[in-house]
Amino acid sequence: MTDYSALKSRLDGSEVVLLDGAIGTQLQAMAVPMSNLAWAATALETHPFTVRRMHERYLGAGVDILTTNTYSAARHNLEPLGLGERLCELNLRAVMLAEDARARAAGDRAVWIAGSVSNYGLVVGREGDWPPSAHFPRRSETSEAQARANLRDQAAILADAGVDFLLAEATGGHRHRMWVVEACLATGLPVWVGFKVHLDPGDPEPRVGYQSADRLADTLDEVMALGGEAVTLFHSSVAACEAALPIVKAHWKGPIGVYPEAERGDYVARYRDQAAPTPLSPDDFVAHARDWVAEGVQIVGGCCGVELEHIRRLRAALPPRLPEAA
C-alpha cells in the first residue's frame, strides 16, 4: 500500500497526475474475450497474468495510478456466471495483480492503486438503468437492499485487500450514484467520485448516467455532500465532459479529473483481423487534455477505447503542474 497522503500532497501542490486508460478495451487488444454479463471481470478467472501484464504496460506508459479490474466484479455480475462464491477471491486477485505489477514495473516511482466500484449491471426498477442492447441483455432485477449490500461487500473486500483509495464509478442515475458513493465511503478510505454524463440532442445541459433526466447541476452538490476527495468525469464523450467541466468547477473547489471514452463501437466484439477505428486519436486526445489542464483539471486518464498510446502521449505532453491561473 502506498500512502494516500502523499498523493493528496501532490494534488494540494497543484501537480498533474496520470490515471491509466481503458481496462476492458486494452484487455481486448491483448486477446482477452469480454463477457456480456461481467465484461472484463471474467479475465480475473481466465486470464489473470494478462491482467497483470496490462497493468505493467500502463506503468511503462508512465501512469501514476493503476485501476483494479473490478468495475464489473460485484456479486450481481458474477452470480449469473456461476462465480458468485468467488466474489472475494476474484476481487482480492484483482488487487494483488495490480500490486504485483507495481512491484515488478514501477521501479522507484510512487504508484497508487485505485479500487473500482460501480453500478455496472444493476437493474433496480427503472431509475438509472443503463440501456439494454443485443450486446448487453438486461439482467434480472435486483432489490434495492441487495444491490446496496452487493456494493458494500465489494468495496469492503477491496479496502481490506489493500487498495490505496476507491473510485466510485457510477454510470447510472442519481440514486445509483448515491449508493456507490455511500458504499465506498463506508470503508473509511479516500474516495474519488465519478460522474458519467451525456448530452441529449438539442439540450446543452449535461445529464448524469446513460439516459437519466437528472441534470448534473442539480445532483452534484447532494452527492459531494456525502464526502469525497475528488470529482471525476468519466466514461463519457469528450464533448459531454467538456460541457460538464464548467459545472463541476462552479460547484466543486477540490481536485477534478477527466477520463473520457473514445466513442468506439467495438466494446464487446473483438476484431481479430483489423483494429476497430477509434474516433479519438492520440493526438486529438492530447490536445483536449492540454486544454483541460489549462482549465484546472489535475487528474487525466482514459476509459473505453483510450488505450496505451493515448496514455503514453499524455505522459510526455502534459505539464507537471497546473498553470497558476487555473
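Things to note:
- G188 meets each of the listed conditions (1) at pLDDT 95 or above; (2) under 17 Å from Y259 (Cβ atoms); (3) of a type outside the set (V, I, T) apart from (2).
- Residues satisfying the stated conditions in the range 34-83, i.e. assigned to a loop (DSSP other than H, G, I, E, B) and not hydrophobic (A, V, I, L, M, F, W, C): N36, H47, G62, D64, T68, N69, T70, Y71, S72, G82
Each row is one residue, and each column tells you yes or no for (1) hydroxyl-bearing (S, T, Y); (2) out of contact with any helix residue (DSSP H, G or I) (no Cβ under 9 Å at 6 or more places or on another chain); (3) farther than 20 Å from R313 by Cβ.
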| site | (1), (2), (3) |
| --- | --- |
| L7 | no, yes, yes |
| L18 | no, no, no |
| G24 | no, no, yes |
| L27 | no, no, yes |
| A43 | no, no, yes |
| F49 | no, no, yes |
| R53 | no, no, yes |
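- The strands (runs of 3 or more DSSP E) found wholly in the range 138-257 and carrying at least 1 residues that are closer than 18 Å to H76 by Cβ occupy 165-170.
- Within the range 40-64, restricting attention to residues that are surrounded by 24 or more Cβ atoms within 10 Å (Cβ to Cβ) and hydrophobic (A, V, I, L, M, F, W, C), the residue that is farthest from N150 (Cα to Cα) is V63.
- Qualifying residue in the range 105-115 (condition: of a type outside the set (A, V, I, L, M), modelled with pLDDT of 95 or more and part of a strand (DSSP E or B)): yes
- Of note, E182 satisfies the criterion of being more than 24 Å from A22 (Cβ to Cβ), within 17 Å of the chain's Cα centre (by Cα) and surrounded by 16 or more Cβ atoms within 10 Å (Cβ to Cβ).
- Subset of the range 110-126 [without any contact (Cβ under 8 Å) to a residue 24 or more places away in the chain and of a type outside the set (G, A, S)]: V123, R126
The values are calculated or read from the model by the stated rules, or taken from the named source; none is laboratory data. Everything numeric here is computed off the predicted structure, so don't read it as measured data. In this analysis, Cβ positions are derived from the backbone assuming ideal geometry, glycine residues included, and neighbour counts consider all displayed protein chains.
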